[in-house]
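Here it is: the structure, laid out below.
Every number here is computed from the coordinates shown, using simple stated rules; none is lab data. Quantities reported herein were computed from a predicted structural model and do not represent experimental measurements. Positions of Cβ are generated from backbone atoms using ideal geometry, with glycine treated the same way; all protein chains shown enter the neighbour counts.
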Amino acid sequence: MTDVLNTLALVSNFIIVPGLAYGSQLALGALGITIVYAVLRFSNFAHGEMMSFGAMITILVTWVLQARGINLGPLPTALLALPLGIVATIGLCLATDRLVYRYYRQKRASPVTYLIVSVGVMFLMGGLIRFVIGPNDQIFADGARFIMKAREFKQMTGLNEGLAIKSSQGVTVLTAVVIVAVLFWFLNRTRTGKSMRAYSDNEDLALLSGINPEQVVFIAWIIAGTLAAVAGTLYGLDKSYKPFTFLQLLLPIFASAIVGGVGNPLGAIAGGFVIAFSELIVTFAYKKVLGYLLPTGLAPEGLAQLLSTDYKFSVSFMILVIVLLVKPTGLFSGKTL
Amino acid sequence: MNNLYRNLLLFAVMLALVAVVGISQSWNVALAILNLCLISAIMTLGVNIQWGYAGLFNAGVMGFAALGGLAAVLISMPPVPAAWQAGGNGVVTGLAFGIGTVLAGIISWRKTAHLGGKRYWLTALIAVAGYTLMRWVIDPAIVAVEAVEPAKTGFLGGFGLPIMLSWLVGGAFAAGVAWLVGKVSLGLRSDYLAIATLGISEIIIYFLKNEDWLTRGVKNVNGLPRPVPYEIDLQHTVWLQNWVETYGISLIDASSIIVKLCYAGLFVAVLVVILWLSETALKSPWGRMMRAIRDNETAASAMGKNVTWRHLQVFVLGSAVVGMAGAMLTTLDGQFTPTAYQPLRFTFLIWVMVIVGGSGNNFGSVLGGFVIWFFWIEAEPIGLALMELITSGMAQDSPLRHHLLDNAAHMRLMTMGLVLLLVLRFAPRGLIPEVKR
Amino acid sequence: MSFLIGENMTGGYGAADILHDCTIGVDKGEIAVVVGPNGAGKSTAMKAVFGMLSLREGKVMMDGVDITALKPQERVRQGMGFVPQTNNVFTSLTVEENLEMGAFIRRDDFSDTMVQVFDLFPVLKEKRSQLAGELSGGQRQQVAVGRALMTRPEVLMLDETTAGVSPIVMDELFDRVIEVARTGIAILMVEQNAKQALNIADKGYVLVQGRNRYTDTGAALIANPEVRKAFLGG
């Protein structure tokens, strides 16, 4: 019995808790991609840099607040700075749309032209970010490090295995839940939200119904900017902030969006968790689990790991390939926005 | 005719810019830039075959270039007998199991369509079992190989063949992987190809970084044999010593310039051959068909053209050219550094070259490769000079001034983004536009 | 002078004209049907009235006002409702949301209009929270018509609404159209099913190659042996 409980604690500690946090971050990122795709109809390669930008502004504001001694007690100060990060990212998105994307919209450019344009935007934003904050690691997490420490859990339960929950993980999951709830309320309950779904569903009919495409695009960028800033900040809080990582994050985020079916927000969320948990499950060393569950003597000598941790990012790609091969429209296709 | 003069002028201006660097900085620097311009031009030609001829967006240029680099290592490095003794058999057997698993998986998938849902499980079972078997065989062998003098070797080495052979092999490697990627993602929506190739290129780099038994991973492979003489040998030759004395330049400079010129000669030869082949292909009925497919896929497929197969063909060809350029790049560097492969530099920069040069025009690609590489390198000194000018009014110890000067190097990312966006907007057909035939 | 009229319309999508001096019109509370062989320019004529292609000659008048220069969206605001032939519902929205989107330009309370639509198409009330994409062909057409009615238009234009539905569903749809007309709305429709459509028509237009060939009341056209022979299959 204790063996089973120990296994549960072990799996929670190394797979479930980190998976929930990482999955939330991916889901928020994938939602941003999906919204832009559903309304503007292109794959936005600059989304990673948008996340990076939001996180950067949040970090800068956090530093200012920290220097003035303003904080949220046990919560990270970054939460206080996040609204400014969001506003700045929205501003960046709207400015980019005005200066760059709008022209191609009026020209009714092909999706692949948009894609190349977004690569240009990615360069520009990436350069801007590195110019402002430099290419290095930045640490900005503060407040209490843990909601629960491994040692406390062991004392509490008397188990061998500890279960640690970082506050950044808790904050991530809670924030993601709130953001997603608000987003779905907006899309399904408000007139503007519904008009966005209608536009995404059938552009011509939406025009006929008097829905203003420029307004829909405007709102789409506001949502995408918000999601990007939140996702970037949460990822930075949980791991650490480094401009370079956001280009790497692009792949798991795209994978999440496609696995769930591009253009479908519920799918994007599901996809985020599918990717996050797969990465952890495939790269987890099962040595200890097997040690608990198998009779003594049968436990393996090696780490019993399916794939080395170095290949974490490649898992998302493999899932992407499998989905593309088996069900190219994604697991939750059929319903957009 | 006007166009011809205009294009010649553009190339002349480009070469003049290189010459300006030669005169103002040094000819060594100028030739180093020129050599990389040549390699960039070849890579750009490869991407142009995919994008310009067929409209395929390949975001995995980096991976294909790295495969070329791998080929350079595997072909040219001498084998490590001790490592082969320690784990050679295990590695080869393990790889054989791996390949066997993939084949078994494919065969079972193809032959069991009648099983319905069970088919997934059967294939998955074969994959998991085969993978476990492979790991069981290969893991101890890898440990043994990597334990052989890890500081010096720790890998199996290569075949000890002339490195120039790797230029072809690199192309073949890239072609093979491109075939696999294309099989999976061509025929789907256009942006899926971009994302799939972005992914595969990352995985290739992870693989090269982590499979030490093959590539030494992040320990890098140094001292690849060269196809051209070494500077130190040149410095000992009598003719060069005499020559240097006659013209009054330093021996070291002269020798390294000669080496770079040798490389340049080789690269120019390859570039000319590939350019000639590309032009011939573009003007042939095959090229016309490719453009027809690019411009109207539906119409082309309605006329009985097998669009997916043609796309696969062109994707493999273009990737092979990129792989070749990758092998040449590693040859020029004389070392293989997996960490040096960054998507911004190896994928997206090449894309800027294609677009700025003029998609669909091979000469445009060559020019684009030259122009963008030149400014990628020179943006740093130019950016720094610009920043110094801007900040000259500030106090010497102003933190803002320091910050701006420190980060001036990142200006080049911004510059590239800006150039790409401006070209897309105001000259979407590039410096040398595609010729309408 | 009809309430809505496209007069002497000449024009097309590209260089070649499809319509040649074509006139169609409809009055309030009346059903006008445009019929003709394939490629006669029926749908084009309706699109011209709705402003989806620009006219080289001729004009469109509504309630005595020249609206030739207005864009389709502006004509919707002026009181035109248009039901396209295909893709005429938001498949990923519920029935109710489809109707709400139909009323998008209205800032007042439109719940009474929705009640009217539900009264007209009771099945939609039943399926109000189902996705429109999950409905049958006939029900989808009801959603499409309902969506167009949500702006409380003075003119309703139907582009081959009965294409591809079974005869029973077609009859049912025509019944609904008559009911709509009785509320005082002008109905202009293009129909493939010429005979059945002319049966309910107050006014009929037979177009051939973009030109008016016959114009009369529906009953008179059905009675006309030439029309019967050439266009109604005897």
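Per the helix-only calculation at 222 nm, which mean residue ellipticity applies to the protein assembly as shown, given -39500 (n - 2.57) for every DSSP H run of n ≥ 4 and division by its residues, nearest 500 deg cm²/dmol?
On the way: 43 runs with 634 residues, N = 1008.
Computed mean residue ellipticity for the protein assembly as shown: -20500 deg cm²/dmol.
In whole percent, what relative contact order does region A:2-326 give with Cα contacts below 8 Å and a gap of six or more residues?
Numbers: 502 pairs, mean separation 106.3, N = 325.
It rounds to 33 percent for region A:2-326.
Ok, one more. Would any residue of region C:119-158 have its amide N under 19 Å from a label point 7 Å out along Cα→Cβ of C:D175? List them or say none.
Within reach of a label on C:D175: C:119-127, C:136-146.
Just round it to a whole percent: the fraction of Cα-Cα distances in chain B exceeding 40 Å. Display every interim value, and only then the final one.
Values: 26381 of 95266 pairs.
Value for chain B: 28 percent of Cα pairs lie more than 40 Å apart.
Grab the alpha carbons of region C:8-80, take their convex hull, and tell me the volume per residue in Å³. Don't jump to the answer; show the numbers that get you there.
Numbers: hull volume 6.6 nm³, N = 73.
Per residue, the Cα convex hull of region C:8-80 comes to 90 Å³.
Could you give the length gained on full extension between B:K183 and B:L168, defined as 0.36 nm per residue of separation minus the Cα-Cα distance, in nm?
Numbers: separation 15, 0.36 × 15 = 5.40 nm, distance 2.24 nm.
Here the answer is 3.2 nm.
What Kirkwood radius, in Å to one decimal, follows from the Cα pairs of region C:74-163?
On the way: mean 1/r = 0.0781 Å⁻¹.
Roughly 12.8 Å, rounded to one decimal.
Within 10 Å of each candidate Cβ there may be at most 16 other Cβ atoms; applying that plus a DSSP loop requirement, which trypsin sites (Lys or Arg not before Pro) in region C:1-102 survive? It would help to have the intermediate numbers written out before the result.
Values: sites: C:K28, C:K42, C:K47, C:R56, C:K59, C:R75, C:R77; in loops: C:K28, C:R56.
When the trypsin sites (Lys or Arg not before Pro) of region C:1-102 are filtered for loop state and at most 16 Cβ neighbours within 10 Å, C:K28, C:R56 remain.
Moving on to the next point. Counting Lys and Arg as +1 and Asp and Glu as -1, what is the net charge of the other residues whose Cβ lies under 14 Å from the Cβ of B:R216? Could you put the intermediate results ahead of the total?
Numbers: positive: B:K152, B:K209, B:K219; negative: B:E146, B:E149, B:E211, B:D212.
Taking every Cβ under 14 Å from that of B:R216, the sum is -1.
Oh, and also: In region A:139-190, which trypsin sites (Lys or Arg not before Pro) are in a loop and have at most 13 other Cβ atoms within 10 Å, using DSSP for the loop call? Mind showing how you got there, number by number?
Numbers: sites: A:R145, A:K149, A:R151, A:K154, A:K166, A:R189; in loops: A:R145, A:K149.
Of the trypsin sites (Lys or Arg not before Pro), the ones in loops of region A:139-190 whose Cβ has at most 13 other Cβ atoms within 10 Å are A:R145.
Could you work out the local net charge near A:G134, counting Lys and Arg as +1, Asp and Glu as -1, over the other residues with Cβ closer than 11 Å to its Cβ? Please list the in-between numbers first.
Working: positive: A:R130, A:K242; negative: A:D137, B:D406.
Neighbourhood net charge equals 0.
Let me ask you something else. Give the residues of region C:113-137 whose amide nitrogen is closer than 14 Å to a point set 7 Å from the Cα of C:S166 in the direction of its Cβ.
C:136-137
Oh, and also: Can you tell me how much longer the chain between B:V218 and B:V268 gets when fully stretched, taken as 0.36 nm per residue apart minus their C-alpha distance, in nm with one decimal? Kindly include the intermediate steps, with their values, before the conclusion.
On the way: separation 50, 0.36 × 50 = 18.00 nm, distance 3.13 nm.
Stretched out fully, the B:V218 to B:V268 stretch lengthens by 14.9 nm.
Here's another thing I want to ask about it. Which semi-axis lengths, in whole Å and largest first, follow from the square roots of five times the eigenvalues of the Cα gyration tensor of region C:1-126?
Details: eigenvalues 177, 56, 42 Å².
Square roots of five times the eigenvalues give 30, 17, 14 Å.
Using 1/(1 + (r/R0)^6) with R0 = 45 angstrom and r between the beta carbons of B:M303 and B:S26, what's the FRET efficiency to the nearest 0.05? Mind showing how you got there, number by number?
Working: r = 57 Å, r/R0 = 1.26.
Efficiency computed from Cβ-Cβ geometry: 0.20.
Largest first, please: the extent of the C-alpha atoms of chain C along each principal axis, to the nearest Å.
Cα spread of chain C along its principal axes, largest to smallest: 47, 40, 31 Å.
Something else: Could you check the simple spin-label distance between B:A19 and C:E226, using points 7 Å along Cα→Cβ, in nm with one decimal?
8.3
Hey, any idea what the orientation-averaged projected area of the convex hull of the protein assembly as shown's Cα atoms comes to, in nm²?
Average of the hull's projected areas for the protein assembly as shown equals 52.7 nm².
Something else: Take the Cα pairs of chain A, get the Kirkwood Rh, then feed it into Stokes-Einstein at 37 °C and 0.692 mPa s and tell me D in µm²/s. Intermediate results must be reported in sequence, preceding the final value.
Details: Rh = 21.1 Å.
In µm²/s, the coefficient rounds to 156.
If you don't mind, there's one more thing I want to ask. Between region C:180-234 and region B:100-115, what is the C-alpha centre distance in whole Å?
Computed from Cα coordinates, the inter-centre distance equals 61 Å.
Also: First select every other residue whose beta carbon is under 10 angstrom from the beta carbon of A:V217; then total the charges, Lys and Arg +1, Asp and Glu -1. Can you show the working numbers first?
Numbers: positive: A:R102, A:R105; negative: A:D97, A:E214.
So the environment of A:V217 carries a net charge of 0.
If R0 is 56 Å, what FRET efficiency do you get for C:N8 and A:T192 from their C-beta distance, rounded to 0.05? Working shown, then result.
Working: r = 42 Å, r/R0 = 0.75.
Using R0 = 56 Å, I get an efficiency of 0.85.
Okay, next question. Mind giving me the nanometre distance, one decimal, between the label points for B:W276 and B:T339, set 7 Å out from Cα along Cα→Cβ?
The two pseudo-label positions are separated by 4.3 nm.
Just how far, in whole angstrom, is region B:192-209 from region C:35-69 if you go by their alpha carbon centroids?
54
Most fluctuating residue of A:L280, A:L94, A:L205 in a GNM of chain A with Cα springs under 10 Å: which is it?
Residue with maximal mean-square fluctuation among A:L280, A:L94, A:L205: A:L205.
Further question: Pull out a ≥ b ≥ c, the square roots of the eigenvalues of the alpha-carbon gyration tensor of region B:72-194, then state rounded if a/c is under 1.5, prolate if not and a/b is larger than b/c, and oblate in the remaining case. Don't jump to the answer; show the numbers that get you there.
On the way: a/c = 3.08, a/b = 1.46, b/c = 2.10.
The shape class here is oblate.
Where the only charges are on Cβ atoms (+1 Lys, Arg; -1 Asp, Glu), what is the dipole of chain A about its Cα centre, to the nearest 20 debye? Walk me through the intermediate numbers first.
Values: 24 positive and 15 negative charges, 96 e Å.
Computed about the Cα centre, the dipole is about 460 debye.
Now for a separate question. Can you give the extra length, in nm with one decimal, that the chain gains between B:R425 and B:W121 once fully stretched, where that is 0.36 nm per residue apart less the Cα-Cα distance? Each step should come with its number before you reach the end.
On the way: separation 304, 0.36 × 304 = 109.44 nm, distance 5.02 nm.
My answer for the length gained is 104.4 nm.
So for chain C, averaging the separation of alpha carbon pairs under 8 Å that are six or more residues apart and normalising by length, what relative contact order in percent results? Show your work: numbers first, answer last.
Details: 474 pairs, mean separation 66.4, N = 234.
It rounds to 28 percent for chain C.
How much FRET efficiency would the formula 1/(1 + (r/R0)^6) give for B:L95 and A:L94, where r is the Cβ-Cβ distance and R0 is 45 Å, rounded to 0.05? Don't jump to the answer; show the numbers that get you there.
Values: r = 53 Å, r/R0 = 1.17.
Approximately 0.30, to the nearest 0.05.
For A:L303 paired with A:E214, estimate the spin-label separation in nm (one decimal), with each label point 7 Å from Cα along the Cα-to-Cβ line.
Simple spin-label model gives 5.6 nm for this pair.
Return the whole-Å distance between the Cα centroid of region B:271-328 and the Cα centroid of region A:261-311.
41
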